[in-house]
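Notes to accompany the following structure.
Taken together, the values in this text are just the output of simple stated rules run on the coordinates, not laboratory data. Fair warning: this is a prediction, and the values are worked out from it, not measured in the lab. Because the Cβ atoms are built from the backbone with ideal geometry, glycine has one as well, and the counts that use them run over all protein chains shown.
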């Protein structure tokens, strides 16, 4: 099976081959290094005029990418670590996402900023964070987080070529070596796929399972842990769940409602457990629970979050694992809710 890293690399190569307006800008991209996590390998050899290795200045990279996009190109900006995305926040929030509205639709900024996020690699507190919650709710910004349930490279290719809105593309580091799952790997599950606004949402339950007693929702690498927890809850505790895995984190549906697949699952279970690698407060999970309360009112029987500790992520492996959410954390929360 193809790994997530290989899929993303193929997606970049496909976008470059399909459209000569695609450029890549970032640090240490040139072969033989090919980027810190090798997602960009081979591109500088095949398209030397369209891969630009840059100084260590994330704000400058984003600004150049924005200018290129305004002039009709389709640039991709690679940030070496998602922790450094804070350095592009001014460009992203005050320029890139505002230009279409400021110029009354006469300007578009088809820019993709892609970056690895997350811990479990022992990189310490400034290279292990999950910060995408800082960029949710910014008008005009689409935030995507690929998973192993569909082709991450195809999602990236479409984000580059088909979106005129700026895209923040989140790649969890631990997902890179994971295989993109095929029908055989998912043979134990019933899966429903909703296309949504742009990116798919997957709903999984074990084949033959009764109606769900609990809805789990997670994205990115956390969906891997949630899928394991769903199976263990059924076989070890006879607690049956449904798992909803979105690929698009923003924008969310208007008027404070839930994504339709999540709403449909919650209408059956009445209980919602959100799972994310970001810190506990004021995050993606909190927004899902707030929308669930608004949409379902007294029909929402239970609501809870599993997330990272509200502290810098330690470099020591045992402490890092303790700070980040685990399968056991999901099992404990689920059993306490039902």
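Normalised Debye scattering of the stretch 277-338 at q = 0.12, 0.17, 0.23 Å⁻¹ gives log10 I(q)/I(0) of -0.37, -0.67, -0.99, counting only Cα atoms as equal scatterers and leaving out solvent.
What is the distance in Å between the Cα centroid of the stretch 1-69 and that of the stretch 211-239? What the calculation gives is 36 Å, centre to centre. Estimated from helices alone, the mean residue ellipticity of the chain at 222 nm is -9000 deg cm²/dmol (sum of -39500 (n - 2.57) over DSSP H runs with n ≥ 4, per residue). Put the Cα centre of the stretch 316-337 next to the Cα centre of the stretch 82-114 and the gap is 35 Å. When you restrict to C-alpha pairs under 8 Å that are six or more residues apart and normalise by the size of the chain, the relative contact order lands at 16 percent.
Shape verdict for the stretch 72-142, please, from the Cα gyration tensor: rounded (a/c under 1.5), prolate (a/b greater than b/c) or oblate.
The shape class here is prolate.
Tilt of helix 4-18 relative to the longest C-alpha principal axis of the chain, in degrees (0 to 90, nearest 10)? The two axes meet at around 40 degrees.
In nm, to one decimal, how far is the modelled label at residue 317 from the one at residue 228, with both set 7 Å along Cα→Cβ? Label-label distance for residue 317 and residue 228, simple model: 1.5 nm.
Our Cα-only numbers for the stretch 189-337 put the radius of gyration and Dmax at 14.8, 43 Å. In whole angstrom, the stretch 1-60 maps to an equivalent ellipsoid with semi-axes of 18, 15, 10, each derived as √(5λ) from the alpha carbon gyration tensor and ordered largest first. Between 0 and 90 degrees, rounded to the nearest ten: what's the tilt of helix 327-337 against the longest Cα principal axis of the chain? Taking the Cα atoms of the chain, the angle to 327-337 is about 50 degrees. Here the chain carries DSSP beta bridges of which approximately 30% are antiparallel, counting only pairs with both residues inside. For the stretch 189-337, the antiparallel share of DSSP beta bridges with both residues in that region comes to about 40%.
Shown is the FRET efficiency for residue 183 and residue 90, computed with R0 = 41 Å from the Cβ-Cβ distance and rounded to the nearest 0.05: 0.35. The relative contact order of the stretch 189-337, computed from alpha carbon pairs under 8 Å that lie at least 6 residues apart in sequence, is 23 percent.
Between residue 209 and residue 53, the FRET efficiency estimated from the beta carbon spacing at R0 = 56 angstrom works out to 0.65. For the chain, the longest principal axis of the alpha carbon atoms and the long axis of helix 222-237 meet at an angle near 10°.
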